[in-house]
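Here's the structure we're looking at; comments come further down.
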Amino acid sequence: MTDTATLEIQPGRLFIGGEWQDAASGETFDTINPATAETLTHVASAAAEDVDRAVKAARTAFEADSWQKLDARKRGKLLYAIADQLEARADELARLETMDNGKPVREARMIDIKESIDCFRYYAGWADKISGDVIPVPGPYLNYTRREPVGVCGAIIPWNYPLQMAAWKVAPAIACGNTVVLKPAEQTPLTALELARAAAEAGLPAGVLNVVTGFGDPAGAALVAHPDVDKIAFTGSTAVGKHIQRQAADTLKKLSLELGGKSPNIVLDDADIDAAVKGASMAIFYNTGQACTAGSRLLVHESIRDEFVEKLIKRAAGFVPGDPLDPRTRLGPLVSEEQLDRVMGYIDQGKSQGAELLLGGDRVEVNGKRGYFLNPTIFGAVESKMTIACEEIFGPVLAVQTFSDVEEAIQIGNATEYGLAAAVWTRDVRKAHHVAHQLRAGTVWINTYHNLDTASPFGGYKQSGYGRELGRYALDLYTQVKSVWVNLG
(Lines give C-alpha, C1' and ligand atoms only; values in the text may rest on other atoms or scores of the structure.)
Protein backbone atom coordinates (compact mmCIF):
# COMPACT_ATOMS: atom_id res chain seq x y z
CA MET A 1 0.00 0.00 0.00
CA THR A 2 1.03 3.64 -0.46
CA ASP A 3 3.33 4.93 2.29
CA THR A 4 1.38 6.50 5.16
CA ALA A 5 4.23 7.04 7.58
CA THR A 6 3.91 10.81 7.28
CA LEU A 7 0.39 10.72 8.75
CA GLU A 8 0.46 10.10 12.48
CA ILE A 9 -2.89 8.87 13.77
CA GLN A 10 -3.49 9.43 17.47
CA PRO A 11 -5.97 7.50 19.62
CA GLY A 12 -9.38 9.19 19.56
CA ARG A 13 -10.93 10.78 22.64
CA LEU A 14 -14.29 12.44 23.21
CA PHE A 15 -14.48 16.20 22.75
CA ILE A 16 -16.83 17.63 25.39
CA GLY A 17 -17.06 21.20 26.60
CA GLY A 18 -13.86 22.15 24.80
CA GLU A 19 -11.82 19.37 26.40
CA TRP A 20 -10.52 16.01 25.20
CA GLN A 21 -11.79 13.28 27.50
CA ASP A 22 -11.81 9.51 27.84
CA ALA A 23 -15.12 7.70 28.04
CA ALA A 24 -16.37 7.38 31.61
CA SER A 25 -16.08 3.61 31.34
CA GLY A 26 -12.59 3.80 29.87
CA GLU A 27 -13.77 1.60 27.01
CA THR A 28 -12.47 2.00 23.47
CA PHE A 29 -13.06 0.42 20.07
CA ASP A 30 -10.83 -0.07 17.05
CA THR A 31 -11.28 1.79 13.79
CA ILE A 32 -10.17 -0.29 10.82
CA ASN A 33 -8.50 0.55 7.52
CA PRO A 34 -10.84 -1.15 5.00
CA ALA A 35 -8.07 -1.43 2.41
CA THR A 36 -5.91 -3.61 4.67
CA ALA A 37 -8.31 -4.87 7.37
CA GLU A 38 -5.75 -3.57 9.87
CA THR A 39 -6.39 -1.40 12.93
CA LEU A 40 -5.65 2.30 12.49
CA THR A 41 -6.10 3.31 16.12
CA HIS A 42 -8.51 2.96 19.02
CA VAL A 43 -11.22 5.47 19.85
CA ALA A 44 -13.17 6.25 23.03
CA SER A 45 -16.49 4.42 23.19
CA ALA A 46 -19.15 6.74 24.59
CA ALA A 47 -22.14 5.58 26.58
CA ALA A 48 -25.16 7.35 28.08
CA GLU A 49 -23.12 9.03 30.82
CA ASP A 50 -20.76 10.55 28.26
CA VAL A 51 -23.63 11.71 26.06
CA ASP A 52 -25.25 13.34 29.09
CA ARG A 53 -22.02 15.27 29.77
CA ALA A 54 -21.89 16.40 26.16
CA VAL A 55 -25.54 17.51 26.15
CA LYS A 56 -25.03 19.44 29.39
CA ALA A 57 -21.99 21.16 27.89
CA ALA A 58 -23.99 22.05 24.79
CA ARG A 59 -26.90 23.35 26.90
CA THR A 60 -24.58 25.45 29.06
CA ALA A 61 -22.96 26.94 25.97
CA PHE A 62 -26.33 27.60 24.30
CA GLU A 63 -27.70 29.47 27.31
CA ALA A 64 -24.52 31.42 27.99
CA ASP A 65 -24.81 35.17 27.45
CA SER A 66 -21.60 35.07 25.46
CA TRP A 67 -23.22 32.79 22.82
CA GLN A 68 -26.77 34.14 22.92
CA LYS A 69 -25.59 37.72 22.51
CA LEU A 70 -22.82 36.99 20.03
CA ASP A 71 -23.34 39.13 16.96
CA ALA A 72 -24.46 37.07 13.97
CA ARG A 73 -21.58 38.44 11.93
CA LYS A 74 -19.17 37.09 14.50
CA ARG A 75 -20.79 33.66 14.24
CA GLY A 76 -20.16 33.91 10.53
CA LYS A 77 -16.51 34.81 11.13
CA LEU A 78 -16.14 31.72 13.34
CA LEU A 79 -17.48 29.54 10.53
CA TYR A 80 -15.09 31.16 8.06
CA ALA A 81 -12.26 30.47 10.52
CA ILE A 82 -13.26 26.80 10.77
CA ALA A 83 -13.22 26.57 6.97
CA ASP A 84 -9.74 28.10 6.94
CA GLN A 85 -8.53 25.56 9.51
CA LEU A 86 -9.93 22.70 7.43
CA GLU A 87 -8.38 24.09 4.26
CA ALA A 88 -4.97 24.37 5.91
CA ARG A 89 -5.00 20.63 6.64
CA ALA A 90 -7.00 19.51 3.59
CA ASP A 91 -4.42 17.03 2.27
CA GLU A 92 -4.04 15.42 5.69
CA LEU A 93 -7.82 15.21 6.11
CA ALA A 94 -8.18 13.57 2.70
CA ARG A 95 -5.65 10.86 3.57
CA LEU A 96 -7.25 10.34 6.96
CA GLU A 97 -10.69 10.02 5.38
CA THR A 98 -9.34 7.53 2.86
CA MET A 99 -7.63 5.40 5.49
CA ASP A 100 -10.72 5.35 7.72
CA ASN A 101 -13.37 5.00 5.00
CA GLY A 102 -11.60 3.47 1.98
CA LYS A 103 -12.69 5.99 -0.64
CA PRO A 104 -10.10 6.92 -3.29
CA VAL A 105 -7.92 9.75 -1.98
CA ARG A 106 -8.44 11.85 -5.09
CA GLU A 107 -12.20 11.81 -4.50
CA ALA A 108 -11.71 12.50 -0.81
CA ARG A 109 -9.55 15.54 -1.52
CA MET A 110 -11.34 17.00 -4.55
CA ILE A 111 -14.91 16.29 -3.43
CA ASP A 112 -15.43 15.40 0.24
CA ILE A 113 -12.92 17.76 1.83
CA LYS A 114 -13.42 20.57 -0.67
CA GLU A 115 -17.19 20.48 -0.32
CA SER A 116 -16.94 20.36 3.49
CA ILE A 117 -14.89 23.55 3.41
CA ASP A 118 -17.33 25.12 0.95
CA CYS A 119 -20.23 24.21 3.26
CA PHE A 120 -18.75 26.07 6.23
CA ARG A 121 -18.07 29.11 4.05
CA TYR A 122 -21.56 29.03 2.55
CA TYR A 123 -23.30 29.05 5.93
CA ALA A 124 -20.84 31.60 7.27
CA GLY A 125 -22.38 33.90 4.70
CA TRP A 126 -25.89 33.06 5.89
CA ALA A 127 -25.26 33.74 9.59
CA ASP A 128 -26.22 37.44 9.44
CA LYS A 129 -29.03 37.01 6.92
CA ILE A 130 -31.46 34.91 8.97
CA SER A 131 -34.44 37.21 9.34
CA GLY A 132 -38.16 37.27 10.01
CA ASP A 133 -41.06 39.13 8.41
CA VAL A 134 -43.46 41.95 9.18
CA ILE A 135 -47.03 40.74 8.60
CA PRO A 136 -49.81 43.22 7.65
CA VAL A 137 -52.45 42.14 10.18
CA PRO A 138 -55.71 44.10 10.70
CA GLY A 139 -56.10 46.52 13.61
CA PRO A 140 -53.65 48.74 15.46
CA TYR A 141 -51.00 46.05 15.72
CA LEU A 142 -47.46 45.43 14.64
CA ASN A 143 -46.94 41.74 14.00
CA TYR A 144 -43.50 40.42 13.16
CA THR A 145 -41.71 37.10 13.24
CA ARG A 146 -38.32 36.14 14.56
CA ARG A 147 -36.28 33.12 13.50
CA GLU A 148 -34.64 31.80 16.64
CA PRO A 149 -32.26 28.86 17.13
CA VAL A 150 -33.78 25.54 18.11
CA GLY A 151 -31.30 24.91 20.92
CA VAL A 152 -29.18 21.81 21.44
CA CYS A 153 -28.95 19.80 18.22
CA GLY A 154 -27.89 16.17 18.04
CA ALA A 155 -26.28 15.22 14.72
CA ILE A 156 -25.89 11.55 13.84
CA ILE A 157 -23.94 10.97 10.64
CA PRO A 158 -23.14 7.95 8.42
CA TRP A 159 -19.86 6.42 7.34
CA ASN A 160 -20.02 6.98 3.58
CA TYR A 161 -19.17 10.73 3.57
CA PRO A 162 -17.97 11.30 7.15
CA LEU A 163 -16.63 14.87 7.15
CA GLN A 164 -19.00 16.10 4.47
CA MET A 165 -22.09 14.86 6.33
CA ALA A 166 -20.78 16.46 9.53
CA ALA A 167 -20.37 19.77 7.71
CA TRP A 168 -23.90 19.57 6.28
CA LYS A 169 -25.27 19.53 9.83
CA VAL A 170 -22.78 21.39 11.99
CA ALA A 171 -22.34 24.43 9.72
CA PRO A 172 -26.02 25.46 9.38
CA ALA A 173 -26.75 24.58 13.01
CA ILE A 174 -24.01 26.89 14.29
CA ALA A 175 -24.84 29.59 11.73
CA CYS A 176 -28.36 29.70 13.19
CA GLY A 177 -27.04 30.04 16.76
CA ASN A 178 -27.47 26.47 18.00
CA THR A 179 -25.03 24.20 19.78
CA VAL A 180 -24.26 20.67 18.61
CA VAL A 181 -23.48 17.19 19.87
CA LEU A 182 -22.09 15.23 16.93
CA LYS A 183 -22.11 11.42 16.90
CA PRO A 184 -20.09 10.09 13.95
CA ALA A 185 -20.45 6.53 12.65
CA GLU A 186 -18.35 4.05 14.60
CA GLN A 187 -16.72 2.88 11.36
CA THR A 188 -15.36 6.35 10.50
CA PRO A 189 -14.87 8.61 13.54
CA LEU A 190 -11.51 10.17 12.78
CA THR A 191 -12.33 13.21 10.63
CA ALA A 192 -15.16 14.22 12.98
CA LEU A 193 -12.57 14.45 15.75
CA GLU A 194 -10.36 16.54 13.47
CA LEU A 195 -13.33 18.82 12.83
CA ALA A 196 -13.59 19.37 16.59
CA ARG A 197 -9.89 20.17 16.71
CA ALA A 198 -10.22 22.62 13.82
CA ALA A 199 -13.22 24.31 15.46
CA ALA A 200 -11.37 24.73 18.74
CA GLU A 201 -8.34 26.20 16.98
CA ALA A 202 -10.65 28.55 15.07
CA GLY A 203 -11.89 29.96 18.40
CA LEU A 204 -15.34 28.35 18.61
CA PRO A 205 -16.44 28.70 22.25
CA ALA A 206 -16.29 25.60 24.44
CA GLY A 207 -19.43 23.47 24.31
CA VAL A 208 -20.76 24.83 21.01
CA LEU A 209 -19.49 21.71 19.22
CA ASN A 210 -19.08 18.42 21.08
CA VAL A 211 -18.12 15.09 19.51
CA VAL A 212 -18.99 11.75 21.09
CA THR A 213 -17.65 8.67 19.34
CA GLY A 214 -19.27 5.30 19.84
CA PHE A 215 -21.95 2.93 18.65
CA GLY A 216 -25.58 3.57 17.79
CA ASP A 217 -26.48 1.75 20.95
CA PRO A 218 -25.72 3.12 23.50
CA ALA A 219 -24.35 6.49 22.29
CA GLY A 220 -26.74 7.32 19.45
CA ALA A 221 -29.77 6.01 21.34
CA ALA A 222 -28.87 8.10 24.40
CA LEU A 223 -28.58 11.22 22.25
CA VAL A 224 -31.98 10.65 20.62
CA ALA A 225 -33.70 9.92 23.94
CA HIS A 226 -32.08 12.74 25.93
CA PRO A 227 -34.78 15.16 27.17
CA ASP A 228 -32.50 18.18 26.84
CA VAL A 229 -31.79 17.66 23.13
CA ASP A 230 -34.12 19.84 21.06
CA LYS A 231 -33.46 18.47 17.58
CA ILE A 232 -31.97 15.40 15.91
CA ALA A 233 -30.54 15.50 12.39
CA PHE A 234 -29.90 11.99 11.11
CA THR A 235 -28.49 10.59 7.89
CA GLY A 236 -28.49 6.82 7.49
CA SER A 237 -30.66 3.84 6.68
CA THR A 238 -34.44 3.96 6.55
CA ALA A 239 -34.70 1.22 9.17
CA VAL A 240 -32.63 3.20 11.67
CA GLY A 241 -34.48 6.40 10.75
CA LYS A 242 -37.79 4.78 11.66
CA HIS A 243 -36.33 3.62 14.96
CA ILE A 244 -35.12 7.16 15.72
CA GLN A 245 -38.55 8.58 14.92
CA ARG A 246 -40.13 6.18 17.41
CA GLN A 247 -37.49 7.00 20.05
CA ALA A 248 -37.91 10.74 19.59
CA ALA A 249 -41.68 10.61 20.04
CA ASP A 250 -41.43 10.63 23.83
CA THR A 251 -39.77 14.05 23.84
CA LEU A 252 -41.35 15.42 20.63
CA LYS A 253 -37.99 16.43 19.25
CA LYS A 254 -37.69 18.27 15.97
CA LEU A 255 -36.40 15.75 13.43
CA SER A 256 -34.85 15.75 9.99
CA LEU A 257 -34.18 12.40 8.37
CA GLU A 258 -32.14 11.80 5.22
CA LEU A 259 -32.51 8.10 4.60
CA GLY A 260 -31.99 5.41 1.98
CA GLY A 261 -32.51 5.31 -1.75
CA LYS A 262 -32.96 2.99 -4.71
CA SER A 263 -32.59 5.52 -7.46
CA PRO A 264 -33.78 4.88 -11.03
CA ASN A 265 -31.43 6.02 -13.78
CA ILE A 266 -33.58 6.13 -16.95
CA VAL A 267 -32.07 6.07 -20.45
CA LEU A 268 -34.56 6.87 -23.23
CA ASP A 269 -34.10 5.64 -26.77
CA ASP A 270 -32.99 9.05 -28.05
CA ALA A 271 -30.26 9.53 -25.43
CA ASP A 272 -26.60 10.22 -26.20
CA ILE A 273 -25.53 6.64 -25.50
CA ASP A 274 -21.87 7.32 -24.83
CA ALA A 275 -22.65 10.13 -22.39
CA ALA A 276 -25.30 8.01 -20.67
CA VAL A 277 -22.91 5.05 -20.34
CA LYS A 278 -20.34 7.29 -18.69
CA GLY A 279 -23.01 8.74 -16.41
CA ALA A 280 -24.43 5.33 -15.51
CA SER A 281 -21.04 3.95 -14.53
CA MET A 282 -20.30 6.91 -12.26
CA ALA A 283 -23.83 6.75 -10.86
CA ILE A 284 -23.21 3.30 -9.40
CA PHE A 285 -19.44 2.93 -8.99
CA TYR A 286 -18.62 6.35 -7.53
CA ASN A 287 -17.70 5.91 -3.84
CA THR A 288 -17.90 2.14 -4.47
CA GLY A 289 -21.66 2.44 -4.72
CA GLN A 290 -21.84 3.53 -1.09
CA ALA A 291 -24.09 6.51 -1.75
CA CYS A 292 -27.74 6.92 -0.87
CA THR A 293 -28.24 8.52 -4.30
CA ALA A 294 -26.46 5.72 -6.20
CA GLY A 295 -28.08 4.97 -9.56
CA SER A 296 -28.47 1.33 -8.63
CA ARG A 297 -31.45 0.71 -10.95
CA LEU A 298 -30.55 1.29 -14.59
CA LEU A 299 -33.65 1.42 -16.82
CA VAL A 300 -32.74 1.22 -20.51
CA HIS A 301 -35.10 1.42 -23.47
CA GLU A 302 -35.39 -2.02 -25.04
CA SER A 303 -34.32 -0.79 -28.48
CA ILE A 304 -30.86 0.29 -27.29
CA ARG A 305 -30.37 -2.22 -24.49
CA ASP A 306 -27.80 -4.49 -26.16
CA GLU A 307 -25.57 -1.69 -27.42
CA PHE A 308 -25.81 0.17 -24.15
CA VAL A 309 -24.99 -2.80 -21.92
CA GLU A 310 -22.07 -3.85 -24.12
CA LYS A 311 -20.52 -0.39 -23.81
CA LEU A 312 -21.32 -0.22 -20.10
CA ILE A 313 -19.59 -3.53 -19.34
CA LYS A 314 -16.52 -2.41 -21.26
CA ARG A 315 -16.36 0.83 -19.30
CA ALA A 316 -17.13 -0.80 -15.94
CA ALA A 317 -14.26 -3.23 -16.44
CA GLY A 318 -11.96 -0.19 -16.17
CA PHE A 319 -13.04 0.40 -12.57
CA VAL A 320 -10.34 -1.84 -11.17
CA PRO A 321 -10.22 -2.00 -7.35
CA GLY A 322 -6.97 -0.52 -6.11
CA ASP A 323 -5.07 1.06 -3.25
CA PRO A 324 -7.28 4.02 -2.29
CA LEU A 325 -4.23 6.10 -1.35
CA ASP A 326 -3.02 5.88 -4.95
CA PRO A 327 -4.34 8.97 -6.80
CA ARG A 328 -4.98 6.81 -9.88
CA THR A 329 -7.45 4.52 -8.09
CA ARG A 330 -11.09 4.90 -9.03
CA LEU A 331 -12.64 2.08 -6.99
CA GLY A 332 -11.70 1.56 -3.36
CA PRO A 333 -12.85 -1.04 -0.85
CA LEU A 334 -16.17 -1.23 0.91
CA VAL A 335 -16.11 0.35 4.34
CA SER A 336 -16.09 -2.81 6.47
CA GLU A 337 -16.18 -6.59 6.44
CA GLU A 338 -19.78 -6.42 7.63
CA GLN A 339 -20.73 -4.28 4.63
CA LEU A 340 -18.84 -6.54 2.23
CA ASP A 341 -20.67 -9.58 3.58
CA ARG A 342 -23.97 -7.73 3.23
CA VAL A 343 -23.31 -6.84 -0.40
CA MET A 344 -22.15 -10.38 -1.22
CA GLY A 345 -25.42 -11.61 0.24
CA TYR A 346 -27.35 -9.45 -2.24
CA ILE A 347 -25.23 -10.77 -5.11
CA ASP A 348 -26.09 -14.32 -4.07
CA GLN A 349 -29.78 -13.40 -3.98
CA GLY A 350 -29.56 -11.89 -7.45
CA LYS A 351 -28.14 -15.13 -8.81
CA SER A 352 -30.63 -17.34 -6.99
CA GLN A 353 -33.63 -15.27 -8.14
CA GLY A 354 -32.71 -15.58 -11.82
CA ALA A 355 -30.88 -12.36 -12.64
CA GLU A 356 -28.04 -12.73 -15.15
CA LEU A 357 -24.60 -11.89 -13.76
CA LEU A 358 -22.92 -9.93 -16.55
CA LEU A 359 -19.83 -8.70 -14.74
CA GLY A 360 -17.99 -9.10 -11.44
CA GLY A 361 -19.63 -10.38 -8.30
CA ASP A 362 -16.37 -11.52 -6.72
CA ARG A 363 -13.93 -10.33 -4.06
CA VAL A 364 -10.40 -9.38 -5.01
CA GLU A 365 -7.09 -8.80 -3.21
CA VAL A 366 -5.09 -5.62 -3.79
CA ASN A 367 -1.32 -5.60 -3.33
CA GLY A 368 -1.56 -8.86 -1.44
CA LYS A 369 -3.89 -7.34 1.16
CA ARG A 370 -7.26 -8.95 1.74
CA GLY A 371 -9.16 -5.77 2.36
CA TYR A 372 -12.84 -5.34 1.64
CA PHE A 373 -12.54 -5.08 -2.14
CA LEU A 374 -15.24 -6.13 -4.61
CA ASN A 375 -15.15 -6.04 -8.38
CA PRO A 376 -17.76 -3.85 -10.10
CA THR A 377 -20.88 -5.96 -10.56
CA ILE A 378 -23.64 -5.76 -13.17
CA PHE A 379 -26.81 -7.87 -13.36
CA GLY A 380 -29.01 -8.11 -16.44
CA ALA A 381 -32.47 -9.66 -16.92
CA VAL A 382 -33.60 -8.04 -13.67
CA GLU A 383 -37.28 -7.91 -12.79
CA SER A 384 -38.84 -5.35 -10.46
CA LYS A 385 -39.85 -7.98 -7.90
CA MET A 386 -36.27 -9.19 -7.40
CA THR A 387 -34.55 -8.24 -4.16
CA ILE A 388 -31.66 -6.52 -5.96
CA ALA A 389 -34.21 -4.25 -7.67
CA CYS A 390 -36.08 -3.43 -4.46
CA GLU A 391 -33.62 -3.09 -1.59
CA GLU A 392 -30.76 -0.67 -1.07
CA ILE A 393 -27.53 -2.63 -1.51
CA PHE A 394 -25.00 0.17 -0.86
CA GLY A 395 -22.25 -1.34 -2.97
CA PRO A 396 -21.00 -1.43 -6.58
CA VAL A 397 -23.90 -3.58 -7.78
CA LEU A 398 -26.05 -2.48 -10.72
CA ALA A 399 -29.44 -3.94 -11.69
CA VAL A 400 -30.34 -3.43 -15.38
CA GLN A 401 -33.98 -3.45 -16.46
CA THR A 402 -35.67 -2.57 -19.76
CA PHE A 403 -38.82 -0.67 -20.70
CA SER A 404 -40.77 -0.07 -23.90
CA ASP A 405 -42.01 3.53 -23.55
CA VAL A 406 -41.68 6.62 -21.39
CA GLU A 407 -44.73 5.97 -19.23
CA GLU A 408 -43.54 2.46 -18.40
CA ALA A 409 -40.14 3.88 -17.44
CA ILE A 410 -41.82 6.35 -15.07
CA GLN A 411 -43.96 3.58 -13.59
CA ILE A 412 -40.94 1.35 -12.95
CA GLY A 413 -38.94 4.29 -11.63
CA ASN A 414 -41.61 5.14 -9.07
CA ALA A 415 -42.25 1.51 -8.08
CA THR A 416 -40.11 1.76 -4.95
CA GLU A 417 -40.59 2.75 -1.34
CA TYR A 418 -37.71 5.20 -1.74
CA GLY A 419 -37.63 8.63 -3.34
CA LEU A 420 -34.25 10.26 -2.85
CA ALA A 421 -32.92 10.74 -6.39
CA ALA A 422 -33.48 9.82 -10.03
CA ALA A 423 -32.13 10.67 -13.48
CA VAL A 424 -33.22 10.70 -17.09
CA TRP A 425 -31.11 10.77 -20.26
CA THR A 426 -32.68 12.13 -23.45
CA ARG A 427 -32.12 14.67 -26.21
CA ASP A 428 -35.80 15.71 -26.09
CA VAL A 429 -36.23 18.60 -23.66
CA ARG A 430 -40.00 18.07 -23.45
CA LYS A 431 -39.59 14.43 -22.47
CA ALA A 432 -36.87 15.39 -20.01
CA HIS A 433 -39.09 17.78 -18.09
CA HIS A 434 -42.10 15.45 -18.30
CA VAL A 435 -40.14 12.60 -16.72
CA ALA A 436 -38.55 14.91 -14.13
CA HIS A 437 -41.99 16.17 -13.09
CA GLN A 438 -43.46 12.67 -12.81
CA LEU A 439 -40.66 11.00 -10.84
CA ARG A 440 -41.28 11.07 -7.10
CA ALA A 441 -37.80 11.95 -5.90
CA GLY A 442 -36.20 14.85 -4.07
CA THR A 443 -33.51 15.31 -6.74
CA VAL A 444 -33.83 14.60 -10.46
CA TRP A 445 -30.85 14.90 -12.79
CA ILE A 446 -31.24 15.39 -16.55
CA ASN A 447 -28.34 14.17 -18.70
CA THR A 448 -26.03 14.11 -15.66
CA TYR A 449 -25.69 12.34 -12.32
CA HIS A 450 -24.46 12.92 -8.75
CA ASN A 451 -24.40 16.72 -9.04
CA LEU A 452 -24.70 18.40 -5.63
CA ASP A 453 -23.97 21.90 -4.41
CA THR A 454 -24.16 23.48 -0.98
CA ALA A 455 -26.63 26.06 -2.33
CA SER A 456 -29.07 23.46 -3.71
CA PRO A 457 -31.53 21.61 -1.43
CA PHE A 458 -31.17 17.91 -0.81
CA GLY A 459 -33.61 15.42 0.70
CA GLY A 460 -36.11 12.70 -0.03
CA TYR A 461 -39.68 11.72 -0.77
CA LYS A 462 -41.47 8.72 0.72
CA GLN A 463 -39.25 6.47 2.87
CA SER A 464 -36.14 8.38 1.91
CA GLY A 465 -36.96 10.76 4.73
CA TYR A 466 -38.06 14.36 5.21
CA GLY A 467 -36.53 17.78 5.65
CA ARG A 468 -34.19 19.50 3.21
CA GLU A 469 -30.50 19.93 3.91
CA LEU A 470 -28.26 22.44 2.11
CA GLY A 471 -29.16 25.80 0.65
CA ARG A 472 -31.40 28.23 2.47
CA TYR A 473 -33.78 25.34 3.14
CA ALA A 474 -31.46 23.98 5.84
CA LEU A 475 -32.17 27.11 7.89
CA ASP A 476 -35.69 25.77 8.43
CA LEU A 477 -34.21 22.70 10.13
CA TYR A 478 -32.23 24.70 12.69
CA THR A 479 -34.57 27.59 13.48
CA GLN A 480 -38.03 28.01 14.93
CA VAL A 481 -40.41 30.89 14.21
CA LYS A 482 -41.76 33.17 16.92
CA SER A 483 -44.67 35.52 16.23
CA VAL A 484 -44.59 38.83 18.16
CA TRP A 485 -47.64 41.13 18.50
CA VAL A 486 -47.38 44.76 19.57
CA ASN A 487 -50.47 46.81 20.43
CA LEU A 488 -49.99 50.26 18.88
CA GLY A 489 -53.47 51.51 19.81
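The values are calculated or read from the model by the stated rules, or taken from the named source; none is laboratory data. Owing to the predicted nature of the structure, the values given are computational and were not obtained by experimental measurement. Using ideal geometry, Cβ is built from the backbone for each residue, glycine included, and neighbour counts are taken over all protein chains shown. The accessibility values were calculated without ligands, DNA or RNA, using every heavy atom of the protein model including side chains. Shrake-Rupley method; radii C 1.70, N 1.55, O 1.52, S 1.80 Å.
Listing for the model above:
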| quantity | calculated |
| --- | --- |
| Which numbered condition P104 fails, given (1) out of contact with any Pro (no Cβ under 9 Å at 6 or more places or on another chain); (2) touching a residue at least 24 places away in the same chain (Cβ under 8 Å); (3) closer than 23 Å to T39 by Cα; (4) open to solvent by less than 10 Å² (accessible area, probe 1.4 Å) | (1) |
| Matching residues in region 304-345 - criterion: being open to solvent by 80 Å² or more (accessible area, probe 1.4 Å) and either among the hydroxyl-bearing types (S, T, Y) or over 16 Å from I284 (Cα atoms) (or both) | D306, E307, E310, P327, R328, E337, E338, D341, R342 |
| Within region 155-197, tally of residues that are among the acidic types (D, E) and under 15 Å from the mean Cα position of the chain (by Cα) | 1 |
| Test: A24 is more than 30 Å from I284 (Cβ to Cβ), out of contact with any strand residue (DSSP E or B) (no Cβ under 8 Å at 6 or more places or on another chain) and not basic (K, R) | yes |
| Helices (runs of 4 or more DSSP H) wholly inside region 326-421 containing at least 1 residues that are at pLDDT below 95 and under 25 Å from A35 (Cα atoms) | none |
| Within region 361-374, tally of residues that are in contact (Cβ under 8 Å) with a residue 24 or more places away in the chain and open to solvent by 50 Å² or more (accessible area, probe 1.4 Å) | 3 |
| I313 vs. criteria β-branched (V, I, T), in a helix (DSSP H, G or I), at pLDDT 95 or above and more than 27 Å from P158 (Cα to Cα) | yes |
| Of all residues in region 254-272 being of a type in the set (D, E, K, R) and in contact (Cβ under 8 Å) with a residue 60 or more places away in the chain, the one that is nearest to A185 (Cα to Cα) | E258 |
| Test result for T479, open to solvent by less than 50 Å² (accessible area, probe 1.4 Å) and among the hydroxyl-bearing types (S, T, Y) | yes |
| Residue selected from region 432-464 under the condition farther than 20 Å from A280 by Cα and hydrophobic (A, V, I, L, M, F, W, C), by the criterion farthest from the chain's Cα centre (by Cα) | A455 |
| In region 440-455, the residues that are in contact with a Leu (Cβ under 8 Å, 6 or more places away or on another chain) and either open to solvent by less than 60 Å² (accessible area, probe 1.4 Å) or free of Cβ contacts under 8 Å to residues at least 40 places away in the same chain (or both) | A441, G442, T443, D453, T454, A455 |
| Extreme residue, least open to solvent (accessible area, probe 1.4 Å), among residues of region 134-165 that are part of a loop (DSSP other than H, G, I, E, B) and more than 30 Å from V240 (Cα to Cα) | V137 |
| Residues of region 112-133 that turn out to be open to solvent by less than 50 Å² (accessible area, probe 1.4 Å) and out of contact with any helix residue (DSSP H, G or I) (no Cβ under 8 Å at 6 or more places or on another chain), as a count | 1 |
| The listed residue being in contact (Cβ under 8 Å) with a residue 60 or more places away in the chain, open to solvent by less than 10 Å² (accessible area, probe 1.4 Å) and at negative phi, out of A196, A222 | A196 |
| Region 215-235: number of residues that are out of contact with any strand residue (DSSP E or B) (no Cβ under 7 Å at 6 or more places or on another chain) and over 15 Å from P158 (Cβ atoms) | 7 |
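The rows are residues; the columns are (1) open to solvent by 60 Å² or more (accessible area, probe 1.4 Å); (2) not basic (K, R).
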position: G354; (1), (2): no, yes
position: L359; (1), (2): no, yes
position: I378; (1), (2): no, yes
position: K385; (1), (2): yes, no
position: P396; (1), (2): no, yes
position: D405; (1), (2): yes, yes
position: T426; (1), (2): no, yes
position: H433; (1), (2): yes, yes
